[in-house]
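What follows is calculated from the coordinates using simple rules that are stated; it is not laboratory data. Computed from a predicted structure; not experimentally measured. As a convention, Cβ positions derive from the backbone with ideal geometry for all residues, glycine included, and neighbour counts pool all protein chains shown.
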Amino acid sequence: MATCPLLMVMTLAALLALTTPLDGAQPAAPEPAPEPLNITAILVNGTNYNTFIHLLRETQVDIQINEELNDLANAFTIFAPTDAAFKSLKSGTLNTLVQQDQVGLVLYHILPRYYSLDMFETASNPVRTQASGNHGAYTINVTTDSNMQVNISTGIVHTRIAKKIFDDSQQLAVYSLDKVLLPYDLFGPKPPASVPSTAGGKSPSGNSTAAEEGTSGAGLHGRGVGWSLLVGGGLVAIAGYLF
């Protein structure tokens, strides 16, 4: 019976040895939380994207994208034209755009899902972008060649992904472009102006008809009404406009 206390002491000593860290080692600290995703910071680190950063900030699309990435865990693919790409545009191209068309141009460079370079090989055309108008979402066509090079066509501009700027493998991918993607709906040939009907003419009171006053139909900017950032299940207000 005298051996029982001794056995208990030995058992406790063995348990303490198993639970005590060797050499005074401390338990591993938990890994720090990942830094929030920030599209403008990513582009600043990439360098040579100052014009696109300026457009993101001017239209406040950068704020909306960052909120969707970090608060709602939505995924995006972003095409970032270089400063040289913007410089190659026809003089005055950006200055002639009203604010809602600038928003549309920026959103046209954003896809509402994550695409790795390999995923473009099986993408179904046309690929929807974040830009939309009265006739629905604006789209691009994406193809890959035998060298796994990703080619993009808007119907006006044909270019390819020059390099990968950022890819977290699940939520956000950012790719560099050597050309600015110009949406056909904004920069394509405009339909000929309608000729006012002479049948109605002026009313006996001298008032012009609706056609003469230009109240029927909409021009290029009229088709831009209705821009939307199609994330989070609803419309969002950007830069003072409800799109």
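DSSP loop (so not H, G, I, E, B), at most 15 other Cβ within 10 Å: list which trypsin sites (Lys or Arg not before Pro) in region 103-164 pass both filters. Spell out each step's value before the answer.
Working: sites: Arg113, Arg128, Arg160, Lys163, Lys164; in loops: Arg113.
Of the trypsin sites (Lys or Arg not before Pro), the ones in loops of region 103-164 whose Cβ has at most 15 other Cβ atoms within 10 Å are Arg113.
How big is the dipole moment of region 101-199 about its Cα centre under a simple scheme where the beta carbon of each Lys and Arg is +1, that of each Asp and Glu is -1, and everything else is neutral? Debye, nearest 20, please.
On the way: 7 positive and 8 negative charges, 36 e Å.
Charge dipole, region 101-199, about its Cα centre: 180 debye, nearest 20.
Among 71-78, 51-58, 34-41, how do they line up by average Cβ neighbours within 10 Å per residue, starting with the highest?
Details: 71-78: 16.2, 51-58: 18.6, 34-41: 14.4.
Per-residue Cβ counts within 10 Å, averaged per peptide and sorted highest first, yield 51-58, 71-78, 34-41.
Starting at the first residue of region 31-41, write each ³J(HN,Hα) from the Karplus equation 6.51 cos²θ - 1.76 cosθ + 1.60 with θ = phi - 60°, in whole Hz, x for Gly and Pro.
The phi angles translate into 5, x, 5, x, 5, x, 6, 9, 5, 5, 5 Hz.
So for region 39-180, averaging the separation of alpha carbon pairs under 8 Å that are six or more residues apart and normalising by length, what relative contact order in percent results?
Details: 239 pairs, mean separation 36.6, N = 142.
Relative CO of region 39-180 lands at 26 percent.
Apply the Debye scattering formula to region 39-180, with a single equal point scatterer on each alpha-carbon and no solvent, then give log10 I(q)/I(0) at q = 0.12, 0.14 Å⁻¹.
-0.45, -0.63
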